[in-house]
Structures are given as C-alpha cells and as structure tokens.
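Please treat every number below as a calculation from the coordinates, not as lab data. No experiment lies behind these values; they were computed from the predicted model shown. So basically every Cβ, Gly included, is an ideal-geometry build from the backbone, and we count neighbours across all protein chains shown.
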Amino acid sequence: MKQHRGFLMAVLLMLTALACVVPGLQPASAIPPTPDTRLDRMVAETVAAALALTQQVPTATNTSTPTPTSTPTSTPLPVEPTQAEESVLDKNTDGTSSFIDLSGKYQFTVPTQWLALRINSPEYDEAVLLPEAANPAIQNQLSVIQKQDPNVFRLFLLDINEEHIDSGFVTNVNLVWDPQMEISVATDSDLKGLAATLPTSLKDAEVTGVEIKTTTGGLSYGVITATTPLMTQEGARLNVYQKLVFFDLPTGTLSVTLSTTEKWQSTVEPFFDEFVTSFLILE
C-alpha cells in the first residue's frame, strides 16, 4: 500500500469539529493512520463527513445566507492551483454535465437532476444566487462545502429539490480522491475488510451489502451499502442510507459516496447509479 502523506488529515479535522452534531460519531484519533489502517480510516471518515454535512442546519440565530463577495485585498493569492484549474466541469447539450479530473485522470457524466459543485469554482458563486439557496438546509450545505479542501473533495453533487429535503437532510454525493491509496476490486476481500470497520466508527451503522460491479465500459468497482440512524437538529429521527463506491485508479483510489434518507433512496439512487456507471479512466 502506498505511503501515508497526510492527505486526509483535513477530513479528520473537519470530523472532529462536527462530531458533536452527529450522534454516534466517534471522534477521530489523534494518532496518524498507518499504511495498514489508512484506507479503513478513509472509508469511515468519508461516510461520517457526508452525514455531518447534512446535519448542521443553521438555527434561527445563525441563518446568514452565503453570498459571493470579492476577495479582500489583504488575502494572498493561493500558491497551489485551484480546483477549477485542476478539473473541468462543462455543460453538455443534453443538459448533463461532464466532470473531468485532470489530476486524477478520470471523468464522469453528471445527470441533470444534480447540482454539481467544485470548491473555489464559478459554479459555486452561481449556486448561492439560486432561489433554492434561500432554504437554510441548502445554505448550510453551500457554506460547509466551501470550507473544505479541494485536494480532498474533488466534486459535490446536491439534490436541491426542496421536496427531497427530509427534515433538514439534503441528499448529497461527494468524490474523494487519494493518490497515496490503493484498494483491490478484483475480489470483494478488501471491501469486506473495510465494511467490517464501519460500525466501530459510526455507532449503530449497519452494513447491508458488499459487492463488485462493473461500469458500462467494463471497469470493475467496489460497492458497500449501509444505513445509520440519525437525529437531525429539528429533532427528527431518520435512517440514512449510504452507498460507497470505490475505483482503483492508476493514480490512486477514488471513493464516491451517496448519502440520502430511506424515504428518498428509491428516487435518487438510480441517478447515482447512472452517474457511477458513466465513469471513464482518461489516458
């Protein structure tokens, strides 16, 4: 397995900050992951991050709408390329979007039902001006997303259909790419090992499936499905369904995680599956 490079420590810090609002979430250990545990931690933390993103619905005393503002003159320019420079997100004539990660060397087609966002991108600035962004749950999603590390979270997909917001929970998808990680999807052995670690990091999480599937282009990928009971800040008890997909790339490991509620699973999962099976590895 490739050596640890501290790539996911930003995820650890975010989870530590959000652990207080996700019931059953165990705080991240201060001990850095070893090469043998790095992938296990990546899985648990990515799952928990997706739950946390939808948990922090603003209260009445903190509902400020994120608005695009000019960068203060005192803010230094970034030394590293921004996400927009490392990836491409273009609209297609049929209404779908093409996402190309130039660093990870892979591509997806985003269905029309999803709002696709990259951190530090023009489409984020456009999203905060959408009518749907007036909803506090959407406001929170946009606010939390913009604070994340674009080197970790390559793309976010949001279901901004207000009918699909379940007691403040917004269905979301995140893509996490780690160039220092390896996972085998030739068999389900690695996946079963990963699935076994989830309940130790997310209390009451129940793994419901582990399997190897293939895209329309014949590429293998691993799938873990799980459900986790959750209480929103509105006091509603929900069962959150998550589908974790893993691709073994020449450039590292890519994880794609869907988080939705059981109420909307049958509605949104087909669009997620469509997104996953559109995956292509670039030369």
How would you rank ASP101, ASP166, going from fewest to most other Cβ atoms within 10 Å of each one's own Cβ? ASP166, ASP101
Provide the net charge surrounding LEU142, with neighbours chosen by a C-beta distance below 14 Å and charges set as Lys +1, Arg +1, Asp -1, Glu -1. -3
Within 10 Å of each candidate Cβ there may be at most 12 other Cβ atoms; applying that plus a DSSP loop requirement, which trypsin sites (Lys or Arg not before Pro) in segment 81-149 survive? LYS147
Spin-label point model (7 Å from Cα, Cβ direction): what's the ASP273 to ASN120 distance in nm? 3.7 nm
Using alpha-carbon pairs under 8 Å, 6+ residues apart, how would you state the relative contact order of segment 166-243 in percent? 25 percent
Would segment 139-192 count as rounded, prolate or oblate if I go by the C-alpha gyration tensor, calling it rounded below 1.5 in a/c and otherwise prolate when a/b exceeds b/c, oblate otherwise? oblate
Can you figure out the FRET efficiency of GLN180 with VAL128, using R₀ = 30 Å and their beta-carbon distance, to the nearest 0.05? 0.35
In whole angstrom, the spacing between the Cα centers of segment 86-116 and segment 216-243 equals 23 Å
Just to check I understand the Karplus step: with θ = phi - 60° and J = 6.51 cos²θ - 1.76 cosθ + 1.60, what whole-Hz values come out for segment 104-117, glycine and proline as x? x, 6, 8, 8, 10, 10, 8, x, 5, 6, 10, 8, 9, 9
Quote to one decimal, in nm, the extra length available between SER143 and LYS213 on full extension: 0.36 nm per residue of separation minus the C-alpha distance between them. 21.8 nm
